[in-house]
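Read through the structure below, which is laid out as structure tokens, and then see the notes.
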Amino acid sequence: MPELPEVEVVRRGLVTHLVGARIDDVQVFDPRALKRHPGSAAAFASELSGHTVTAAVRRGKFVWLPLDSGDALVAHLGMSGQFRVSRDDSLRHERVRMVLNDRPPLSYVDQRLFGSLAIDHLVPTRDGFAAGLGSDAALLPRQVAHIARDALDPHLDLDAVIARMRTRTVAIKVALLNQELLSGIGNIYADEALWAAGIHYLTPANRLTVEDYQVLISEAQRVMRVALTAGGTSFDSLYVNVNGESGYFDVSLSAYGQQGTPCPRCGAPIERAKWQNRSSHFCPQCQRVS
Ligand SMILES: [Zn+2]
């Protein structure tokens, strides 16, 4: 699943390939790619057609494209969603195509169909600050309004996030992945941050100190910034992104995917455990449940 850095690279690609363009025609090849859209596929196409995209904005793993109609096109990539600049008609798993007035068509491709495009109304942010990266407007799609500011958002109120997490009795990894508390942290960055802070993923969130959280969140921010730098340099101009399942950026990781290799801190082999339909990677020596 693409995480914040991968989705940010998609947003940057959309700034280049979609912002300023007028959408002249929309072809929906598979309405299952519109499952977050409240209306029909025909309504989706007609609400987009003739409108110009004015920005590309991201919060967490959501990207939205405000339109000159006053609404926004919202994209959540799910497991395998991609935007591709297509010059041919043979893209596999192409679900939606947007024909643009002054540049090649843009295709939404999604093999596994966990992602979705939708058109949604914009609502004001609760704190009055800019809603996400890519626009100064304090407006976000209604279906994104419950998503918390992400870990790299300059308007993130870190003290408030930590205070809320410290009231939770769930495992710390559950709290870190809860996009309504803090968005953008997925499995990779959660495992890396927990390893860096020396915290076991099953530790109850209310047992950690403010200092623990400061280390945890700053480490998640650090790894995501490194990934963003790597992604920014491997950008292929033909693709708006290349975030297929193997498309993670080349970032040196200490815990995630490192099962069996020595912990960089103590040398004990990193372990991988099944956890909530995914996996957790940790050092059994330096990350213990306290
Ligand atoms: Zn260790």
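The values are calculated or read from the model by the stated rules, or taken from the named source; none is laboratory data. Values in this document were obtained by computation on a predicted structure and should not be read as measured data. Heads up, the Cβs are rebuilt from the backbone with ideal geometry, glycines too, and the neighbour counts pull from every protein chain shown. Heads up: the accessible areas ignore ligands, DNA and RNA and are worked out on the full protein's heavy atoms, side chains in. Shrake-Rupley method; radii C 1.70, N 1.55, O 1.52, S 1.80 Å.
General observations
- Förster radius 35 Å - calculated FRET efficiency between L158 and Q111, Cβ distance, rounded to 0.05: 0.45
- Only protein atoms count toward the accessible area here, which uses a 1.4 Å probe; on segment 4-144, the carbon and sulfur part of that area reaches 50 percent.
- For R22 and T229, a Förster radius of 30 Å and the Cβ-Cβ distance give a FRET efficiency of 0.35, rounded to the nearest 0.05.
- Tilt relative to the chain, helix 4-17 - C-alpha long axis, 0 to 90 degrees, to 10: 20 degrees
- Cβ-based net charge around A197, under 9 Å, with every Lys or Arg adding one and every Asp or Glu removing one: -2
- Cβ-defined net charge surrounding V144, 14 Å radius [Lys, Arg +1; Asp, Glu -1]: +3
- Per-residue accessible area (protein heavy atoms, 1.4 Å probe) orders H76, H146 as H146, H76, starting from the largest.
- Extension reserve of the D30-S90 stretch, reckoned as 0.36 nm per residue once the Cα distance is removed: 20.1 nm
- Charge sum, other residues only, whose C-beta stays under 9 Å from G257's C-beta, Lys/Arg counted +1 and Asp/Glu -1: 0
- The value obtained for the chain, namely the Cα convex hull volume divided by the number of residues, is 125 Å³ per residue.
- In summary, the lysines within cross-link reach of K35, defined as a Cα separation below 21 angstrom excluding same-chain residues under 8 places away, comprise K61.
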